[in-house]
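Report on one structure; see the data block that follows.
The values are calculated or read from the model by the stated rules, or taken from the named source; none is laboratory data. Only a predicted model underlies this, so the values are computations on that prediction, with no experimental measurement involved. Cβ coordinates were reconstructed from backbone atoms using ideal geometry, including for glycine residues, and neighbour counts include every protein chain displayed.
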Amino acid sequence: MAQTRKVIILGSGSAGLTAAIYAARAQLHPIVIAGSQRGGQLTMTTDVENFPGFPEGVQGPELMEMVRRQAERFEVDFIDDDASAVNFKTQPFQVTAAGETLSADAVIIATGAATNWLGLPNEQRLIGHGVSSCAPCDAFFFRGKEVAVVGGGDSAMEEALVLTKFATRVTIIHRRDQFRASKIMAERALNHGKVAVRWHTAVEDVLGDDKVTGLRLRDLKAGESEDFRVDGLFVAIGHHPNTELFRGQVDLDAAGYVRLHEHTMTNVRGVFAAGDVHDHRYRQAVTAAAWGCMAAMDVERYLEGH
């Protein structure tokens, strides 16, 4: 495997794989550092019904495997390991993964973001079986059901309001006696007829064998625990971008997301970013794919000029 490439793509989610397809078709011969969680966040979901082209829906892991096979059809190379180091201060850029250092004239950062989970005993086991972190992705599956949202910021209010379009009851669970959310978002949630709030309450665990059947809640003032029946739990305590590797290499915002300076290019010329690693607003597979397309096209133009 050649150690010098025209472009290295970091990440194999929707953004990274789409970038790989476009870069390969442009004869840039990309190599993808796929990461240990190949396929990104979609591999942790079950039914995906909002990705164009699948009228009957598709399983998240199946979708990402199909996109990977599409990339392999164009002879994209993969390293199924995490990048351990990068150096964007010299040209060509250097990326170390699986014990070897590769060089490239351009890099696309598509390492995505990860949900801040609660760390409950049964939480990870029930992801995709009633536990979610994305109401726009999964709200439809809770039509006519009762759900809970954990959080107190704008994201939690947005999740709750999306869920009211499908669920019969949405209970927001918050550790304090007031939300951190903006006043307008908090009022929208509090004034909605389908929304209830459990103040001073923490989730101790998720209940259910094959799917969520309830939560174990703890009243933080009384110190007492109780079981609370719901069909789903939406965790909305934020996300964190997978950018620790890039600190000091490219410009990051206060939350750690990559800043874009010119279209999809970072402040380092030749280093681009695509998907949830910089986009903390939309966080959808289809928008990540669009960012991957744009980044690959920007890389092609950049390399033509250099």
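Tell me whether region 4-15 contains one or more residues that are surrounded by fewer than 17 Cβ atoms within 10 Å (Cβ to Cβ), within 25 Å of ALA114 (Cα to Cα) and of a type outside the set (A, V, I, L, M). Scanning region 4-15, I find no residue that is surrounded by fewer than 17 Cβ atoms within 10 Å (Cβ to Cβ), within 25 Å of ALA114 (Cα to Cα) and of a type outside the set (A, V, I, L, M), so the answer is no. Among the residues of region 174-193, is any acidic (Asp, Glu) and over 29 Å from LEU42 (Cβ atoms)? Yes, there is a match, as at least one residue in region 174-193 is acidic (Asp, Glu) and over 29 Å from LEU42 (Cβ atoms). Among residues of region 52-78 that are at positive phi, those with a Cβ under 7 angstrom from a residue that is at pLDDT 95 or above and surrounded by 15 or more Cβ atoms within 10 Å (Cβ to Cβ), sequence gap 6+ or separate chain, pair up as GLU75/ALA24. Has region 147-158 got any residue that is more than 24 Å from GLY119 (Cα to Cα) and either without any contact (Cβ under 8 Å) to a residue 40 or more places away in the chain or surrounded by 19 or more Cβ atoms within 10 Å (Cβ to Cβ) (or both)? No, there is no match, as no residue in region 147-158 is more than 24 Å from GLY119 (Cα to Cα) and either without any contact (Cβ under 8 Å) to a residue 40 or more places away in the chain or surrounded by 19 or more Cβ atoms within 10 Å (Cβ to Cβ) (or both).
Quick grid of which residues meet (1) at pLDDT 95 or above; (2) part of a strand (DSSP E or B); (3) more than 28 Å from ALA236 (Cα to Cα); (4) among the small types (Gly, Ala, Ser):
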residue: PRO61; (1), (2), (3), (4): no, no, no, no
residue: GLU72; (1), (2), (3), (4): yes, no, yes, no
residue: VAL95; (1), (2), (3), (4): yes, yes, yes, no
residue: VAL107; (1), (2), (3), (4): yes, yes, yes, no
residue: PRO136; (1), (2), (3), (4): no, no, no, no
residue: PHE140; (1), (2), (3), (4): no, no, no, no
residue: LEU161; (1), (2), (3), (4): yes, no, no, no
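The requirement of being in contact with a Phe, Trp or Tyr (Cβ under 6 Å, 6 or more places away or on another chain), of a type in the set (Gly, Ala, Ser) and either within 23 Å of ARG281 (Cβ to Cβ) or crowded, with 21+ Cβ neighbours inside 10 Å (or both) is fulfilled somewhere in region 218-233, by at least one residue. Comparison of ALA290, ALA295 shows that the only residue that is assigned by TED's automatic domain parsing to the domain that holds VAL107, modelled with pLDDT of 95 or more and either surrounded by 19 or more Cβ atoms within 10 Å (Cβ to Cβ) or not in a helix (DSSP H, G or I) (or both) is ALA295. Restricting attention to region 205-256, the residues being part of a loop (DSSP other than H, G, I, E, B), touching a residue at least 60 places away in the same chain (Cβ under 8 Å), of a type in the set (A, V, I, L, M) and out of contact with any helix residue (DSSP H, G or I) (no Cβ under 9 Å at 6 or more places or on another chain) number 1. Considering region 250-306, and only residues there that are within 18 Å of the chain's Cα centre (by Cα) and of a type in the set (Asp, Glu), the residue that is farthest from VAL7 (Cα to Cα) turns out to be ASP253. Of the set (1) touching a strand residue (DSSP E or B) at 6+ places or on another chain (Cβ under 6 Å); (2) outside any strand (DSSP E or B); (3) buried (at least 18 other Cβ atoms within 10 Å of the Cβ), all apply to MET185 but (1). Filtering VAL76, VAL48 for residues that are at pLDDT below 95, in contact with a Leu (Cβ under 9 Å, 6 or more places away or on another chain) and in the same structural domain as THR243 (by TED's automatic domain parsing) leaves a single hit, VAL48.
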